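> Just passing along the structure, written as structure tokens.
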Amino acid sequence: MMGWLALLVLGLLSFGGLVTLRVPRLLWSVVGAALMLGATGYAVQGSPLMPTRAARPSAERVADDPALTDLRDRMLGRYTGDGAYQVAADAMTRAGDDKAAVQVILGGLRRVPNSLLLWNGLGMALTAHDGNQVSPPALFAFQQAARLGPEHPAPPFFLGLAYVRAGDFAKARPLWARAMTLSPDGASYKRDIALRLALLDRYLTMAEQR
């Protein structure tokens, strides 16, 4: 019981630190994922008599983050023909209907098959639909986006984000580093990517030292 209380206090202190240090809300999901990972480790290690069982993909829903939507729009645009499909898919995601979000984007791709925005959006929608896992269809969608925009930072960044949501931080790191390299110096989103990459590096360093 005391262990869980300590974990709760740590979570509250972490939240307070985010507010005090004025860390952008865009980074809060990474911190939350790190804390959730620590809580999972405590639950497993704190119950040594619990019978083993096969791991299952987490189906926990990731809340819609307006800051991420804003970042995506700054990277890929919004007020375009294909952007209308992404806006509709966003609405389906907010409503909790991930299957409908996938179907909306697939409908857009039938009309605009070479849309980097929609292939990238399909990767994110499939990741959410598949329980926050980078499934083969989701990975294929991100690869198609990268093929259409090999020098664009969005495909590696959002694939990295998908891996973060899946809990695979090590796979996310080189993808975010590439997104950082591909971002133009004057781009408004480059600082956002740099902050996320720095926080991810800090988390990975701490994990190696444990």
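Taken together, the values in this text are just the output of simple stated rules run on the coordinates, not laboratory data. As the structure is a computational prediction, the values presented were derived from the model and not from experiment.
> Which length gain, in nm to one decimal place, applies between Thr69 and Ala194 when the Cα-Cα distance is subtracted from 0.36 nm times their residue separation? Numbers along the way, then the final one.
Numbers: separation 125, 0.36 × 125 = 45.00 nm, distance 1.72 nm.
This chain segment gains 43.3 nm when fully extended.
> Quick one: Cα centre-to-centre distance for the stretch 93-108 and the stretch 146-210, in angstrom?
Comparing the Cα centres of the stretch 93-108 and the stretch 146-210, I get a distance of 25 Å.
> Give me the number: length gained by fully extending Ala187 to Arg94, i.e. 0.36 nm times residue separation minus the C-alpha to C-alpha distance, one decimal in nm. The partial results should precede the final answer.
On the way: separation 93, 0.36 × 93 = 33.48 nm, distance 2.78 nm.
The Ala187-Arg94 span can extend by a further 30.7 nm.
> Which values of log₁₀ I(q)/I(0), to two decimal places, follow from the Debye formula for the stretch 75-166 at q = 0.14, 0.15, 0.21, 0.25 Å⁻¹ with a uniform point scatterer at every Cα?
Taking Cα atoms of the stretch 75-166 as identical point scatterers yields -0.41, -0.47, -0.97, -1.37.
> For the stretch 119-210, taking Cα atoms only, what is the radius of gyration to one decimal and the Dmax to the nearest whole Å?
13.1, 40
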